[in-house]
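S.K.: Sharing a structure below in structure tokens format, with a few things to ask.
The values are calculated or read from the model by the stated rules, or taken from the named source; none is laboratory data. Here the structure is a predicted model, which is why all the values come from computation and not from measurement. Methodologically, a virtual Cβ is constructed for each residue, glycine included, from the backbone with ideal geometry; neighbour enumeration extends over all protein chains shown. These accessible areas exclude ligands, DNA and RNA; they are computed on the full protein's heavy atoms, side chains included. Shrake-Rupley method; radii C 1.70, N 1.55, O 1.52, S 1.80 Å.
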Amino acid sequence: MSDVVVERLNEGPLICAEGFLFELERRGYLSAGEFVPEVALLRPDALETLHRDFQHAGSDIVQAFTYNGHREKMRIVGEEDLLEDLNRAALRIAREVAEEETVRSGRPIFAAGNLSNSNIYDPDDPASADEVRAMYREMAGWAAEEGAQLILAETMYFYEEARIALE
């Protein structure tokens, strides 16, 4: 996490607007299902507009829409070849919107990477923790390379999986 984010957190809470799936579906850009974050590749304009709408509503964070954009989910839907491109595109869009909205609003807006539940963590299988760890490291690496200032983890079903994300 960047020093600027820590300084801002010392001032008080940060708000992160979210709900990409439901809002993009409502707007007609995707249908809920197995693989929704590909909107970052197919309709980057729609994703950028939604990010801006969230900022205008008061969000302090632009979270990259990579929920379920991890190796396991992409493998299941036969789109693993899009994994890195999808993540990087979503991260770039988030960072660009954060930078532009910081200038426009005169307040710091932060770009965030995202880690979501892996769907492979099994508390009874220690080897699954290593697979999840590798998956999250890969995604966190892309987030850092694309300029994310922090990484959010969401929808973790197991405490240990959340701890792995925290690593």
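S.K.: Considering the range 84-100 alone, what residues qualify as being crowded, with 21+ Cβ neighbours inside 10 Å and either out of contact with any Lys or Arg (no Cβ under 9 Å at 6 or more places or on another chain) or farther than 11 Å from Q63 by Cα (or both)?
M.R.: Hits for the range 84-100 are L86, N87, A89, A90, L91, I93, A94, R95, A98.
S.K.: Mind listing whichever residues of the range 69-122 are free of Cβ contacts under 8 Å to residues at least 24 places away in the same chain, within 26 Å of A17 (Cβ to Cβ) and outside any loop (DSSP other than H, G, I, E, B)?
M.R.: Within the range 69-122, L83, E99, E100, T102, V103, R104 meet the criteria.
S.K.: So is S31 open to solvent by 50 Å² or more (accessible area, probe 1.4 Å), free of Cβ contacts under 8 Å to residues at least 60 places away in the same chain and in a loop (DSSP other than H, G, I, E, B) or not?
M.R.: Yes: the conditions hold for S31.
S.K.: Which of the following residues is in contact with a strand residue (DSSP E or B) (Cβ under 9 Å, 6 or more places away or on another chain), under 24 Å from Q149 (Cα atoms) and open to solvent by 60 Å² or more (accessible area, probe 1.4 Å): V4, V62? Step through it out loud before you land on a result.
M.R.: Details: V62 fails: open to solvent by 60 Å² or more (accessible area, probe 1.4 Å).
Sole residue among the options that is in contact with a strand residue (DSSP E or B) (Cβ under 9 Å, 6 or more places away or on another chain), under 24 Å from Q149 (Cα atoms) and open to solvent by 60 Å² or more (accessible area, probe 1.4 Å): V4.
S.K.: Pairs please, first residue from the range 1-26 and over 27 Å from A46 (Cβ atoms) and small (G, A, S), second anywhere and in a loop (DSSP other than H, G, I, E, B) and modelled with pLDDT of 90 or more, Cβ atoms under 8 Å, 6+ apart in sequence or on different chains.
M.R.: S2/Q149
S.K.: May I pose another question? Restricting attention to the range 53-68, report how many residues are outside any loop (DSSP other than H, G, I, E, B), under 11 Å from the mean Cα position of the chain (by Cα) and polar (S, T, N, Q).
M.R.: Number satisfying all stated conditions: 1.
S.K.: Does at least one position in the range 143-163 carry a residue that is open to solvent by 30 Å² or more (accessible area, probe 1.4 Å), of a type in the set (D, E), in contact with a helix residue (DSSP H, G or I) (Cβ under 8 Å, 6 or more places away or on another chain) and not in a helix (DSSP H, G or I)?
M.R.: No - not one qualifying residue is present in the range 143-163.
S.K.: Sticking with this one: Give just the number: which of (1) open to solvent by 70 Å² or more (accessible area, probe 1.4 Å); (2) in a helix (DSSP H, G or I); (3) not basic (K, R) does I15 not satisfy?
M.R.: Every listed condition holds for I15 apart from (2).
S.K.: Go through (1) modelled with pLDDT under 90; (2) among the charged types (D, E, K, R); (3) outside any loop (DSSP other than H, G, I, E, B); (4) more than 19 Å from A112 (Cα to Cα) one by one and return the number of the condition E7 breaks.
M.R.: Tallying (1) modelled with pLDDT under 90; (2) among the charged types (D, E, K, R); (3) outside any loop (DSSP other than H, G, I, E, B); (4) more than 19 Å from A112 (Cα to Cα), E7 fails exactly one: (4).
S.K.: Using the structure shown, decide if R133 is among the basic types (K, R) and either open to solvent by less than 80 Å² (accessible area, probe 1.4 Å) or in contact with a Cys (Cβ under 9 Å, 6 or more places away or on another chain) (or both). Can you show your working first?
M.R.: Details: among the basic types (K, R): yes; either open to solvent by less than 80 Å² (accessible area, probe 1.4 Å) or in contact with a Cys (Cβ under 9 Å, 6 or more places away or on another chain) (or both): yes.
When the stated conditions are applied, R133 passes them.
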